[in-house]
Amino acid sequence: PHIHPPMATSMGCLVALCLVSPLLLAGAVHGNPGYGGLFPQFYDHSCPKAKEIVHSIVAQAVARETRMAASLVRLHFHDCFVKGCDASVLLDNSTNIVSEKGSNPNRNSIRGFEVVDEIKVALETACPGTVSCADILALAARDSTILVCGPYWEVPLGRRDSLGASIQGSNNDIPAPNNTLPTIITKFKRLGLNLVDVVALSGGHTIGLSRCTSFRQRLYNQSGNGLADGTLDVSFAAQLRQGCPRSGGDNHLFPLDAVTSTKFDNFYFKNILAGRGLLSSDEVLLTKSAETAALVKAYANDVHLFFQHFAQSMVNMGNISPLTGSKGEIRKNCRRLNNFH
C-alpha cells in the first residue's frame, strides 16, 4: 500500500467540510515516472521542503478565501492549454511580452497570482533558483483540490518556465463556456487529451464561481430566438435571471455548483442531470454526445470513479509539452523573465 505524505491525510479537508477524502485512503494516482521526463521526486534532493512550502501557503490562502482553491486549479488549466504547462500565463506585460492575462478567457477573470508570488518568494528563500513557476502551479492545483475535499494525486515534477507568452494561444486554445461540444473536444484532442479528460476535468466546476457574462446567453438568447436554453431547468433559469440581467451585472458571480459550491464532490454532475449545469459547456456534456453523457451519469452515480478519473486527468493535463532539461529557465520572479527588460 502507498503511504501518503502525512500532510495530505492529516490536513484532511479545510473547515470541517468532510472527513478525509475516501480516495486518500483508497490509494492515489501516480504520475508515470519518466512520462514527459517528469517525476514526483524531482526536488527531493535539490529542495526537500518544496512540496511542504507550497502546501502550507496554499492552505493559508484557501483558509482566507475558499474560492482561491478553484482559482488555483484554473490557473494551472489556463497555463497548460497554452504552449503547454510552462507558466506562460504568469508573465506580465513587458517590452517583449504581451501577457496572456489580457486574453478573453483571462481578462477580469483569472486570479491567484499573488498566492503564486508568495509561494515563489518562500521557495527562493529556501532553495534559490530551483523550483519552477510551472511546477508551483501544478502543486498548487493538487493541494487546492485536497483542501476542499477532493482527491490526492502524486504530481510529476521537473517542468521549466517559458521564455515567452502567447496571447493568441490564450484567446484560441482555451475551451470557452459557449463553445460547441465538438470544438471543446477538438481543443482537448489537439493536446493529447481524450473524452474522459474532457468530462472529468469539467468536473473541476464542482468548486468556484462564474461571471454572469459567461452564461447570460443561455438565459435570454441561446438559439438566437430570444428564449432561454431549453435544457435549463425553468426555476433555476428564473433564479439566475434575478442576478444576471439582460444587460449590466457582467461581473456578478454565481457558483458553478449551487449545491456544494465550496466542496469538491460529484454534485456538478448531479446538477447537470437535473438541468442545473450553469454553463452551456457543462450542459452539452449531457445533451450533445452519448459518450460524454454516459460519463456524466457514471460520475453522478460514483464519486470514487470521478475522483480517480479527475486525478488521472490532472496528471495527463500536467504532462502537456513541459519544458525540461536545458529548455526554458527557472524564473526567480514568476511574473517576468530572469533577463527582464
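The values are calculated or read from the model by the stated rules, or taken from the named source; none is laboratory data. The shown structure was predicted, so the numbers you read here are calculated from the model rather than taken from an experiment. Glycine also receives a Cβ, built like all others from the backbone with ideal geometry; neighbour counts cover every protein chain displayed. Heavy atoms of the whole protein, side chains included, go into the accessibility calculation; ligands, DNA and RNA do not. Shrake-Rupley method; radii C 1.70, N 1.55, O 1.52, S 1.80 Å.
If you take the residues of the stretch 244-258 that are in contact (Cβ under 8 Å) with a residue 24 or more places away in the chain and open to solvent by 60 Å² or more (accessible area, probe 1.4 Å), which of them is nearest to HIS304 (Cα to Cα)?
If we take residues in the stretch 244-258 being in contact (Cβ under 8 Å) with a residue 24 or more places away in the chain and open to solvent by 60 Å² or more (accessible area, probe 1.4 Å), then LEU253 is nearest to HIS304 (Cα to Cα).
Can you say whether ASN225 is open to solvent by 60 Å² or more (accessible area, probe 1.4 Å), closer than 19 Å to LEU201 by Cα and free of Cβ contacts under 8 Å to residues at least 24 places away in the same chain, as far as the supplied structure shows?
no
What pairs come out if I take residues in the stretch 58-84 that are farther than 22 Å from GLU100 by Cβ and pair them with residues that are surrounded by fewer than 22 Cβ atoms within 10 Å (Cβ to Cβ) and hydroxyl-bearing (Ser, Thr, Tyr) whose C-beta lies under 8 Å away, six or more apart or interchain?
THR66/THR262
Could you check how many residues of the stretch 92-143 are free of Cβ contacts under 8 Å to residues at least 24 places away in the same chain, of a type in the set (D, E, K, R) and closer than 16 Å to VAL58 by Cβ?
Counting residues in the stretch 92-143 that are free of Cβ contacts under 8 Å to residues at least 24 places away in the same chain, of a type in the set (D, E, K, R) and closer than 16 Å to VAL58 by Cβ gives 1.
For the subset of the stretch 123-160 comprising residues that are farther than 22 Å from LEU305 by Cα and part of a loop (DSSP other than H, G, I, E, B), which member is most open to solvent (accessible area, probe 1.4 Å)?
Here the residue is PRO128.
Check every one of the helices (runs of 4 or more DSSP H) wholly within the stretch 259-341 and list those with 2 or more residues that are in contact (Cβ under 8 Å) with a residue 40 or more places away in the chain and open to solvent by 20 Å² or more (accessible area, probe 1.4 Å).
It comes to 280-287, 290-301, 303-318.
Considering only the stretch 81-120, state which residues are closer than 25 Å to PRO177 by Cβ, at pLDDT 95 or above and small (Gly, Ala, Ser).
GLY84, ALA87, SER88, SER99, GLY102, SER103, GLY112
Among the residues in the stretch 212-231, are any of a type in the set (Gly, Ala, Ser), closer than 28 Å to ILE320 by Cα and part of a loop (DSSP other than H, G, I, E, B)?
No, because not a single residue in the stretch 212-231 is of a type in the set (Gly, Ala, Ser), closer than 28 Å to ILE320 by Cα and part of a loop (DSSP other than H, G, I, E, B).
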